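Please read the structure below before turning to the comments.
The values are calculated or read from the model by the stated rules, or taken from the named source; none is laboratory data. What you are looking at is a predicted structure, and each value in this text was computed from that prediction instead of being measured. Note: ideal-geometry Cβ built from the backbone for every residue, glycine included; neighbour counts use all protein chains shown.
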Amino acid sequence: MKNENLYNYILGIADNSLILGQRLGELCGHGPNLETDIACTNISLDLFGQVRSYFQYAGKIAGDGRSEDDISMLRKEHEYKNVLLVEQPNTNFAYTIARQFLFDAYHLAFLRELQKSPDLTLSAIANKCVKEVSYHERFSSDWVRRLGDGTDESREKIQEAINDLWMYTDELFHQTEADKAMVAEGIGVDVTTLKEGYYAYVKEVLEEATLEVPESKYFQKGGKHGVHTEHLGYILAELQYMQRTYPNMEW
Amino acid sequence: MSEEQIRSLERHFNERIARDEKIEPKDWMPEKYRQTHIRQISQHAHSEIVGMLPEGNWITRAPSLRRKVALLAKVQDEAGHGLYLYSACETLGISRDELYEQLHSGKAKYSSIFNYPALTWADMGAIGWLVDGAAIINQVPLCNTSYGPYARAMIRVCKEESFHQRQGFEIMLKLCNGTPEQKAMAQDALNRWWWPSLMMLGPTDDKSVHTEQSMKWKLKRKTNDELRQQFIDQTVPQADVLGLTIPDSDLKWNEERQSYDFGEIDWDEFWQVVKGHGPMNKERMKARVGAWERGTWVREAAMAYAKKKQARKEKQAV
Amino acid sequence: MATKNWPLWEIFVRSKNGLEHRHFGSLHAADAEMALENARDVYTRRNEGVSIWVVESKHITASNPENNGELFEPAQDKVYRHPTFYDVPDEVKHM
């Protein structure tokens with residue numbers, strides 16, 4: 001493939017939205033009440049909309065006739081490049097919110113930079129996404145404050161979720177070969193520069209929410225290179241079920 | 001109030017409805033009108049949110065991204081419709097929490113069709129095409145019902161729902177134009193959903209207990225049997241377009257009536273499911289009750305936070 | 001017990017600039033900010049609005065339909081408030 005780095009770069013961005021959208025999709029119909037259910041589904045819909053734009057572009061770059069569905073549903077587990085954070089399960093609403101917030105804070109900062117990309121397709125997608133993700137971040141950070149500064153029970157639950165998911169945050173700022181190549185070409189975002197601002201902001205919100213900022217220095221990584229947690233296999237089993245069971249059909 | 005006065009109020013009330021005037025929440029209304037409306041509107045709302053479950057199961061397994069977003073948006077709409085209907089019901093002086101309590105305890109009913117399992121992707125097509133098709137036939141006349149908040153909710157519901165049936169039919173069409181395996185999947189879904197869809201329009205007129213009163217209050221504009229005939233007459237030609245066979249050997253066109261004659265509905269099965277012994281009754285309730293109970297601490301936290309915030313605001317103002 | 005339940009809010013949406021806010025329906029939320037966000041997600045999913053007002057339902061004071069006679073009927077015969085009350089010859093234009 002001529003533009004392999006660009007292709008892989010796009011997949012790295014898109015897979016995060018794909019897997020997180022899939023996780024939120026599991027919740028549709030099972031939220032703590034109707035209003036919150038509808039809100040979470042809206043976020044899921046935004047993410048899948050983004051996924052389609054990215055994969056349609058990736059398909060064009062690959063130029064081998066693969067569709068958005070082929071790219072999103074017909075790769076092997078180790079070919080998915082999402083960060084470990086987004087594949088973590090909906091253990092309870094606190095985990096859903098913590099995962100969303102820890103990702104949204106990164107996602108928003110990332111998209112703001114991607115808007116400046118000289119790659120016009122990427123910057124156009126980023127322009128659209130940044131508005132959606134601003135709202136996601138508002139939603140999730142509001143809920144972190146609500147749960148943190150709510151009842152003793154909610155505080156305990158959200159603190160536990162933040163503590164458990166904290167080890168997946170550092171990976172957000174790791175670079176793959178494709179990332180480095182795209183940064184070198186001036187097209188991609190240098191995620192290492194986002195790290196400091198990210199932690200400062202996350203700490204600010206956690207403090208407002210009367211929560212402890214985890215001090216752990218032990219982090220997990222691997223998602224960006226295709227080495228995932230055990231959860232991804234199950235996610236893909238559902239995501240790919242139809243395409244794998246009934247190959248080469250149109251739906 | 002004396003009985004005489006109540007009778008006079010009722011007469012006046014019935015005249016208003018006969019003149020097509022709308023009844024609004026604070027207007028005087030007979031207690032039976034209030035109770036009947038609470039029952040029907042909440043049943044309708046419960047059906048929307050229980051109805052999210054069979055389709056919700058397929059969101060993570062949708063075969064393409066396009067189908068996935070359409071299904072997500074559709075199931076989300078059902079949550080919205082449940083919300084509009086619960087709100088309409090709340091204007092009658094009952095809270096959403098009380099209505100949930102009635103659903104969870106089994107006191108309130110919801111549409112029995114959602115107690116059938118959604119087994120294949122084609123079921124997403126069949127549910128949209130048949131179940132939403134039957135629902136629309138039931139719902140359109142309600143846009144003009146006598147109780148204002150219900151009528152307004154239904155106008156919104158019907159407007160949004162217009163894409164649901166098309167979404168389902170398109171899934172079926174794609175399957176029917178696909179491989180033999182896909183077409184067989186579509187036929188299988190039609191076979192399983194056809195009879196429950198006919199039952200969905202309610203018991204036959206001679207067994208229907210509420211029809212007469214509901215007609216007077218414009219909660220119903222046509223009888224169950226009329227609605228069922230309308231549904232069959234409009235759906236059979238659609239099955240022809242798909243090239244699928246309706247699973248009823250007695251189905252044939254009656255030239256004289258200009259309608260289809262159809263076979264006997266298995267009403268024993270209908271009552272069995274209504275009474276809680278369908279294939280999925282327990283599962284569906286478990287899912288609803290589970291979501292509600294798992295959400296308790298979340299709802300409490302939000303209230304506690306709102307109160308603290310309010311208190312801080314007031315303290316600042318002082 | 002009652003304090004656990006999210007209160008009811010009435011939602012008003014301006015569908016485009018130049019039009020007034022119109023009552024769209026109601027929903028539950030713990031506080032005003034959440035009511036705004038919920039209203040955005042529930043009532044403007046199809047691009048129905050450019051501005052939202054939320055009011056907690058308990059703060060609305062409504063007239064009582066029992067008083068409709070004294071409140072509204074006296075306005076029915078004030079025909080002189082309407083232009084058709086006044087006779088003007090047909091040849092007079094622009095009036």
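Can we say B:Ser111 is in contact with a His (Cβ under 9 Å, 6 or more places away or on another chain) and of a type in the set (S, T, N, Q)? I'd like the intermediate steps shown before the answer.
Working: in contact with a His (Cβ under 9 Å, 6 or more places away or on another chain): yes; of a type in the set (S, T, N, Q): yes.
So B:Ser111 passes the test.
Is it the case that region B:47-58 has a residue that's without any contact (Cβ under 8 Å) to a residue 24 or more places away in the chain and either outside any helix (DSSP H, G or I) or surrounded by 14 or more Cβ atoms within 10 Å (Cβ to Cβ) (or both)? Outline the logic, then answer.
From region B:47-58, those without any contact (Cβ under 8 Å) to a residue 24 or more places away in the chain are B:56; that's our starting set.
Next, only the ones that are either outside any helix (DSSP H, G or I) or surrounded by 14 or more Cβ atoms within 10 Å (Cβ to Cβ) (or both) stay: B:56.
For region B:47-58, residues without any contact (Cβ under 8 Å) to a residue 24 or more places away in the chain and either outside any helix (DSSP H, G or I) or surrounded by 14 or more Cβ atoms within 10 Å (Cβ to Cβ) (or both): present.
The rows are residues; the columns are (1) within 9 Å of another protein chain (Cβ to nearest Cβ); (2) of a type in the set (Ser, Thr, Tyr).
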{"position": "A:Ala209", "(1), (2)": "no, no"}
{"position": "A:Pro214", "(1), (2)": "no, no"}
{"position": "A:Tyr218", "(1), (2)": "no, yes"}
{"position": "A:Lys221", "(1), (2)": "no, no"}
{"position": "A:His228", "(1), (2)": "no, no"}
{"position": "A:His231", "(1), (2)": "no, no"}
{"position": "A:Leu239", "(1), (2)": "yes, no"}
{"position": "A:Gln243", "(1), (2)": "yes, no"}
{"position": "A:Met249", "(1), (2)": "yes, no"}
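Exactly one of (1) buried (at least 22 other Cβ atoms within 10 Å of the Cβ); (2) free of Cβ contacts under 8 Å to residues at least 24 places away in the same chain; (3) of a type outside the set (S, T, N, Q) is unmet by B:Glu78. Its number?
Unmet for B:Glu78, out of (1) buried (at least 22 other Cβ atoms within 10 Å of the Cβ); (2) free of Cβ contacts under 8 Å to residues at least 24 places away in the same chain; (3) of a type outside the set (S, T, N, Q): (2).
For region A:189-197, indicate whether the set of residues that are within 22 Å of A:Arg23 (Cβ to Cβ), more than 14 Å from every other protein chain (Cβ to nearest Cβ), surrounded by fewer than 16 Cβ atoms within 10 Å (Cβ to Cβ) and modelled with pLDDT of 95 or more is non-empty.
Step one: list which residues in region A:189-197 are within 22 Å of A:Arg23 (Cβ to Cβ), which gives A:191.
Next, only the ones that are more than 14 Å from every other protein chain (Cβ to nearest Cβ) stay: A:191.
When the remaining residues are screened for being surrounded by fewer than 16 Cβ atoms within 10 Å (Cβ to Cβ), the result is none.
No, region A:189-197 contains no residue that is within 22 Å of A:Arg23 (Cβ to Cβ), more than 14 Å from every other protein chain (Cβ to nearest Cβ), surrounded by fewer than 16 Cβ atoms within 10 Å (Cβ to Cβ) and modelled with pLDDT of 95 or more.
Can you name the condition, by its number, that A:Leu172 falls short on among (1) farther than 21 Å from A:Thr96 by Cα; (2) under 17 Å from the mean Cα position of the chain (by Cα); (3) not charged (D, E, K, R)?
The failed condition is (1).
If you take just the helices (runs of 4 or more DSSP H) that sit entirely in region B:204-318, which of them hold at least 2 residues that are within 14 Å of chain A (Cβ to nearest Cβ) and either hydrophobic (A, V, I, L, M, F, W, C) or within 30 Å of B:Arg16 (Cβ to Cβ) (or both)?
Once the helices (runs of 4 or more DSSP H) in region B:204-318 are filtered for at least 2 residues that are within 14 Å of chain A (Cβ to nearest Cβ) and either hydrophobic (A, V, I, L, M, F, W, C) or within 30 Å of B:Arg16 (Cβ to Cβ) (or both), what remains is B:281-294, B:296-317.
Among the listed residues B:Ser47, B:Ser8, B:Ser64, B:Ser2, which satisfies the condition of being out of contact with any His (no Cβ under 7 Å at 6 or more places or on another chain), among the hydroxyl-bearing types (Ser, Thr, Tyr) and within 7 Å of another protein chain (Cβ to nearest Cβ)?
Details: B:Ser47 fails: within 7 Å of another protein chain (Cβ to nearest Cβ); B:Ser8 fails: within 7 Å of another protein chain (Cβ to nearest Cβ); B:Ser2 fails: within 7 Å of another protein chain (Cβ to nearest Cβ).
Unique residue meeting the criteria: B:Ser64.
Given the conditions (1) buried (at least 20 other Cβ atoms within 10 Å of the Cβ); (2) away from chain B (no Cβ under 14 Å), which single one is not true for A:Leu147?
Tallying (1) buried (at least 20 other Cβ atoms within 10 Å of the Cβ); (2) away from chain B (no Cβ under 14 Å), A:Leu147 fails exactly one: (2).
Go through region B:257-282 and report how many residues are of a type in the set (Asp, Glu), exposed (fewer than 14 other Cβ atoms within 10 Å of the Cβ) and in contact (Cβ under 8 Å) with a residue 40 or more places away in the chain.
So the answer is 1.
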